[in-house]
Amino acid sequence: MLRRSLLILPALLVAAAAQAAPSVGQPAPDFTLKDASGKAVKLSDFRGKLVVLEWTNPGCPYVRKHYDSGNMAATQQDAAAKGAVWLSINSTEKASSDYLEPAKLVAWQKERKVQPTATLMDEEGSAGKAYGARTTPHMYIVDPQGRLAYAGGIDSVPSANPADIPGAVNYVKQAVGEAAAGKPVSQATTRPYGCSIKYKS
Amino acid sequence: MTFLRLLAACTALAFLPWSALAQGTSSVKTDYVRAELLAHAPEGVQPGKPLWVGLQITHQPEWHTYWKNSGDSGLPTELTWTLPAGLVAGDIAWPVPKKIPIGNLANYGYEDTVLLPVPLTVTPAFQPSPLAGDVQIKLRANWLVCKKECIPEQGEFALKLPVRGTTALHAQAFEDAFARQPKPVMSQKTGIVPESTARVDEGALAVTVQGLPVALRGKTLEFFPETGEVIDNGARWTQAWNGAAWTARIPLSAQRSASPDVMPVVLASAGEGWRTELRVLGAWPPVAAAPAAVSPALEQALRENAASPSLPASSSIGLLAALLGALVGGLILNLMPCVFPVLAIKVVGFTRHADDRRGHRIGGLAYTAGVVVSFAALGGLMLALRAAGEQLGWGFQLQSPAVVASLAALFTLIALNFAGVFEFRSLLPSSVATLEAKHPVLNSFLTGVLAVAVASPCTAPFMGASLGLAISLPAWEALAIFIVLGLGMALPYLLASWVPAIAKRLPRPGPWMETFRRLMAFPMFATVAWLVWVLGQQSGIDGAGALLALLVALSMVVWALTLRGRTRVAIAALALAGFAALAWTAGGAITRSLPAQTLAAAEGRWQPWAPGRVDELLAAGQPVFVDFTAAWCVTCQYNKKTTLADREVLADFDAGRYALLRADWTRRDPAITAALAQLGRNGVPVYVVYRPGRPPVVLSEILGVQEVRAALAPPPL
């Protein structure tokens, strides 16, 4: 048993690079990203709390749909009221025309009343790829034990039209409410919709 | 004159586009696409005759719109018709798409020019006015056009469709669009072709498509699923032809949100496509809703509790106190039946060279070094394994039946040696034996290592929880505790070797030494008996029986090697053969684990622990008492037979309606290791009292009746 354990050590280092995206119920991959002020923030810093991960890109009309209409702010404030941490992550590569400098991104969010616990820059795309994030917005929720509790879209109507928001089911609000109350998340995976994330190739 | 005519013409011209706008033009141009509404009625607008309308999109180079299933991102083009009464629009007849990869994501869509045709059905309700020459078809279309950025666009279109006469201006475009339609595969209804299926198989879809044209056999096909959110669109997949059937293995998405029973798919080669509906076999793995999460408040309380444990050797008292505890623990180790014989024999060895004080001193230091280094190595190994993610707690060595069996073999050998069945000198070649004599320092060092090896099974039973706590401290503090533990263990021998008075107190060498040595064999045999019992708990009576048989065979082998001459060769060969045969046949029983039910069987009041069970019971309002235990943990067994069997304690359990859960850690169980880690513990025993709405209370290792009763007492209001 010990021998096997020792052999695993080098393999783990290699495997860490080539891991498939987690499914709901599996441990959420840890990451270390810099926030807008350059401070390193780790997902594991928030162990013991509910964490909402929001992949964002102000250049995407679908992100603007939720931000400009106030829906993202309402969702984020609702989550904060329930004790959840909100991390906005931007995995857009620096070379993309959509890339926004960290300070500008934070200002853009603040203008729209969205106040995440931290706005993290993932220009290398490692965190996004670790989670299998493919669209903006793409939402994940990590439970206090560090397991993935929700992965998918922000709501149920995939469109760029803000008029569709009131009639749609806000999956993130629903999941945060259920997780905070200790209940299992009823719709744990849904279809994420939006623009594709501009990963570094 | 000319000027007036020009003015009139300009005015007329000026008005035209406005009126067209008021009704919607049949074509919309944006920066990225030119979209046009077209109609096709080659045989006039009559019931039963083909009637098509469609949106033709001409993209700018490198821009694309999306197919029915857009893939990893994007949105399909949406058409909303406003038709005269009696005309009914069908679904878009999507042409075969193109796969558009972006990094390790992929979308499905169209570039260049595509026409999305929609069939119109003329129902009896269609009664155009006899005076009207045409009817108006209106369309509102939404599409998402992307290159790198994405721009959602919308267009309002209007078209006048003549009801008399034919409309075939764009016949070519429509014919091309029909040619790009996927054709149905040879249908099962003809009776010969088996159905096409998709089997859910361990994170992938095993697809088999039947009825494809013969001309396609051997060719590489493209695969387009019409149902989104099932497969991983960007992943590599494999395909192969199996005679007439095309097969493929396509990975599923890790965050799949659709679980269809039937999956329509399109297969394509060189722009031509074939469509079939796959029947899904096998069950979709449940999209696990995360198990009932511990509410953040409770989780916070758990963390606070873990930070201030109530164990005597707790880190809240301070590192110094923990080190003192480790020193005392090490001293006590010498009294364990595992270690005592080894120590005693070594000390008695002083009588042989009573005057060689310098030799004794060096020997003592070497032994101490051996012990300390081994303990540090053991601690370091555990820390490294934990850092690598292995779910280990202290006592991990006893959770593996193979390790338990090996330890039992080791102890048997040592016991046989003490009993005089064999001497190391007679077994080892003379060169090694003289090595032993020439390097007494090395000999002492190795004795120290051996002492730690034999001590380890005894640490877990008596010091499991305390050492487990040590592992959860920062690495340097944990190592310091292990080193001090080693010092404590080596201390008696070190004192004996340095203080001449002790050596002088020992009686003169004599035959009593032999008797003493033989006597020491029995504690070792007793340890073997205990290890066999532990194995029995892990692998059942068959495992324990197999181990005993192997130990008997091992003893015979060892004895046979002490013989001389031809008898030695003969009997040793026989013994070895017997041992090998036994190991081959019965060895498996040792490592075979008992079915989980046997281990987790409810014993009277006690139910087996399961992950999430505590939360369930708390949510139902019932308080819970959890006993984390293991068969090889002597403290656990002691508590079980004394405090936990005490009448008053049991009465308190009943009065409080406590649910009693037992978490058995005899064999490795990552769920239990994780639960222990959540409580800030790493070894057993651990006793926890859970009450709804309050943080859990962890009780001490050696459970006292008063302590338990105090913890169970209802809190003051």
Violations at 22 Å Cα threshold for listed pairs A:K65/A:K110; A:K94/B:K98; A:K82/A:K198 -> A:K94/B:K98; A:K82/A:K198
Counting Lys and Arg as +1 and Asp and Glu as -1 over every other residue whose Cβ sits under 11 Å from the Cβ of B:K160, the net charge comes to 0
Taking the Cα atoms of the stretch A:42-135, report the difference between the largest and smallest coordinate on each principal axis, in whole Å and largest first. 37, 30, 22
Cα pairs beyond 17 Å in the stretch B:60-198, in percent, come to 70
Summarise the partner chain shielding of A:138-151 as one whole number: the mean count of Cβ atoms from other chains within 10 Å of each residue's Cβ. 4
Sequence-distant aspartates and glutamates (8 or more away, or on other chains) whose Cα lies within less than 15 Å of B:K148: A:E93, A:D98, B:D31, B:E62, B:D72, B:E111
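Arranged from highest to lowest average of other beta-carbon atoms within 10 Å per residue, in what order do the peptides A:83-96, B:119-132, B:570-583 appear?
A:83-96, B:570-583, B:119-132
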Would the stretch A:43-93 count as rounded, prolate or oblate if I go by the C-alpha gyration tensor, calling it rounded below 1.5 in a/c and otherwise prolate when a/b exceeds b/c, oblate otherwise? oblate
Within a Cβ distance under 12 Å of B:L252, other residues only, what is the Lys/Arg minus Asp/Glu net charge? -1
At 10 °C and 1.306 mPa s, the Stokes-Einstein diffusion coefficient in µm²/s for the stretch B:622-674, with hydrodynamic radius from the Kirkwood sum on alpha carbon pairs, is 131
Scaled radius of gyration (Cα, divided by 2.2 N^0.38 Å) that the stretch B:30-131 gives: 1.29
Based on alpha-carbon centroids, what's the gap between the stretch A:152-183 and the stretch B:73-113 in Å, whole number please? 25
What average count of beta carbons from other chains do you get within 10 Å of the Cβ of residues in A:155-166? 2
Give, as a single signed number, the net charge of other residues whose beta carbon lies under 15 Å from the beta carbon of B:G540, with Lys and Arg counted +1 and Asp and Glu -1. 0
Ranked by how many other beta carbons lie within 10 Å on average, peptides B:67-74, B:357-364, B:102-109 from highest: B:67-74, B:102-109, B:357-364
Isotropically averaged projected area of the stretch A:118-201, using the convex hull of Cα atoms (one quarter of hull area), nm²: 6.3
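Every number here is computed from the coordinates shown, using simple stated rules; none is lab data. Fair warning: this is a prediction, and the values are worked out from it, not measured in the lab. Positions of Cβ are backbone-derived with ideal geometry, glycine not excepted, and every protein chain shown enters the neighbour counts.
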